[in-house]
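Before any comments, here is the structure.
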Amino acid sequence: MKKIISLQLVLIISIYSFSQKSTLEPYLSIPIIDLDKETSRQVVVDREDGQYLGHPTTALLEDGKTILIVYPKGHGRGEIVYKRSSDGGLIWSPTEGDWIGWVGRWKDLMKGKPGQYRIRFKDNIHSWDCAYPGVELLPDGTFVVTTYGHWEKDKEPYIVSIRFKMEELDKKFREN
């Protein structure tokens, strides 16, 4: 019984002493460099009134200046936003609108060139909020791209898959 009372007393004293505000010993403190007021270092990537934007994930490409960023709207529960900066994060491009694909070479992308052509998969009725597709390449060369969007006026968004082969699109491109 004495051991239990002693243990409880030690726990109470420990909790009390850790909960008290005290200054840290100098050897435990770490200096802080505060950049909060240095607004020249800050770039707003995205902001929407009344919309929670958070949880960004970035990737720096091999050229050392192209940064890709993806993040969800709605505290991890909304659609995914994708943006790109080709100047080390100084300027970020919006990618809102219809469901669009891009055909080109990696070199085109890295050098900011337009590529061969773009594909308009589907007309998104809403001015934004679509086209974060999953892309699968089947063994026979068929691409299956799947995403959601506002495809019909006054309807909730829904998911659509589109199948195509690059040969078909290249032929259409040559015919135009």
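The one condition from (1) at pLDDT 85 or above; (2) in a loop (DSSP other than H, G, I, E, B) that residue 174 does not meet is (2). The one condition from (1) at pLDDT 80 or above; (2) surrounded by 15 or more Cβ atoms within 10 Å (Cβ to Cβ); (3) over 19 Å from the mean Cα position of the chain (by Cα) that residue 161 does not meet is (2).
Taken over region 49-75, the criterion of being within 12 Å of residue 87 (Cβ to Cβ) and among the aliphatic types (A, V, I, L, M) is satisfied by 67 alone.
The values are calculated or read from the model by the stated rules, or taken from the named source; none is laboratory data. Everything numeric in this text was worked out from a predicted model, so none of it was measured. Virtual Cβ from ideal backbone geometry, glycine too; neighbours counted across all protein chains shown.
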